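A.B. asks: Just passing along the structure, written as structure tokens.
Only the coordinates and a few stated rules stand behind these numbers; no lab work does. Computed from a predicted structure; not experimentally measured. With ideal geometry, Cβ positions are generated from the backbone for all residues, glycine too; neighbour counts draw on all protein chains shown.
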Amino acid sequence: MMIIRHAEHRDIDDIYILAAKSGVGMTSLPQNKEILAARIARTQNTLAGRLSKGERGYLFVLEDTEHNRVVGMSGLEVAVGLSEPFYNYHVGRQVHASQALTVYKTLNTLFLSNDHTGCSELCTLFLDPDFRENQNGKFLSKVRFLFIAAFQEHFEAKIIAEMRGFSDEDGRSPFWDALGHYFFDMDFSTADYLSGIGQKVFIAELMPRFPVYIDLLPERAQQVVGQVHPQTKPAFHVLENEGLQYQGYVDIFDGGPTLEAEVKNLRAVKESRICRVRILGQEDIDQESVNQPCRVQDNTNLDKLTEKSPASIGRLPESCLVANEDYEQFRVILINHHVDANSIELTLEQAQQLQVNAGSKVRILPLNSTE
């Protein structure tokens, strides 16, 4: 069975192996066991309420329980830029015009920005290539939205996601070679690694403070501004379907796009709902409570949610995420059968993995958008 939970210290060796497989461009997943162990510790300290807002973050792992092995991870930052500056480029425009010469030119520019300071962030999504099947990738990505929907009070009003930009098979970034290389005098992988382990002071010290004209960059570099790495395209489309959009911000190293959304507009916030557990083959311990109507998110009306598709009233589509409501011991599985409006039927094994009993509350979300 595949289950997602908070990262624990016992996962460090598996996480280190995944970091080695992630390659260049994953700034939040450096191949450094000390840094990765600190990331796990930060997750545990966040859950225990020991950290300030700017230091808080969560790391989730996808565990193959049959082989007792972590095969993927995804993360959340509560508020970026509060403990150290958060940089990106804003893609803007400047107009150059002369009436005397009848010239009017609009040119795209890159301007160093801290506009996303204080936003929550989706980060550190990586799945072992051997497990990129059976919707594991979507499961690993979308679990973060379900966690946000369940515990909105721990997050900011806006959420962002920096997408991995284009680099070739040798790990070279055309955007970096055309721009950053001249200011930092180091290769892309080195700058990327230093940023990933938290040594970001050099960015403020060395990056250009004036707008950079995109048209002055080599054509190959111009073409990758706002473009994602080929391996990142599926993740990009998943986030778009969850409500995030590109609003003209790109990464300062590889030019990859930053997506953003208001948390209140996320699909998981609008569509996730609470149901009671029924365990297959067992009599309900509290039949009356199990038969109570499902509670949807406070700002969502169940009738409005289901009236779009009359045939599906009272039922969710196949493949949905099911999570317990335990903040510190958050656990999620993916099931592939329909769910009644009032309750959800789980096998005993599924209930045990979620650490719930008959009558317990769980939060459910369709894996795919119904629109």
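A.B. asks: Helix-only mean residue ellipticity at 222 nm, the chain, DSSP H runs n ≥ 4 weighted -39,500 (n - 2.57), per residue, nearest 500. What is it?
C.D. replies: Working: 12 runs with 96 residues, N = 371.
Helix contribution divided over all residues of the chain: -7000 deg cm²/dmol.
A.B. asks: Sort Arg331, Arg39 so the one with the fewest other Cβ atoms within 10 Å of its own Cβ comes first. Before the final figure, lay out the partial values.
C.D. replies: On the way: Arg331 19, Arg39 22.
Fewest to most other Cβ atoms nearby, the residues stand as Arg331, Arg39.
A.B. asks: Ok, one more. Can you flag which of Lys53/Lys138; Lys105/Lys233; Lys21/Lys138; Lys53/Lys158 are past 24 Å Cα-Cα?
C.D. replies: Where the Cα-Cα span goes over 24 Å, the pairs concerned are Lys53/Lys138; Lys105/Lys233.
A.B. asks: Turning to a different aspect of this structure: With unit charges on the beta carbon (Lys/Arg positive, Asp/Glu negative), name the residue among Asn336, Ser28, Ile214 whose Cα is farthest towards the positive pole of the charge dipole of the chain.
C.D. replies: After comparing all options, I get Ile214.
A.B. asks: Now for a different question. Going by C-beta contacts inside 10 Å, put Phe145, Phe151 in order with the fewest on the left.
C.D. replies: Numbers: Phe145 26, Phe151 13.
Lowest to highest Cβ neighbour count: Phe151, Phe145.
A.B. asks: How many percent of DSSP beta bridges within the chain run antiparallel, rounded to 5?
C.D. replies: Looking only at bridges with both residues in the chain, the antiparallel portion is about 90 percent.
A.B. asks: On to the next question. Using the 10 angstrom Cβ neighbour count as an exposure proxy, how do Ser141, Ser83 rank, fewest first?
C.D. replies: Exposure proxy ranking, most exposed first: Ser83, Ser141.
A.B. asks: Ordered by packing density, taken as the mean number of other Cβ atoms within 10 Å over each peptide's residues, highest first, how do 99-111, 57-69 rank? All intermediate terms of the calculation are to be shown ahead of the outcome.
C.D. replies: On the way: 99-111: 11.5, 57-69: 18.2.
Going from most to least packed, we get 57-69, 99-111.
A.B. asks: Which residue, Leu266, Val238, Val95, has the largest displacement toward the positive end of the dipole of the chain when charges sit on each Cβ (Lys, Arg +1; Asp, Glu -1)?
C.D. replies: Val95
A.B. asks: Sticking with this one: Can you give the direction-averaged projected area of the convex hull of the alpha-carbon atoms in the chain, in nm²?
C.D. replies: For the chain, the mean projected area of the Cα convex hull comes to 21.4 nm².
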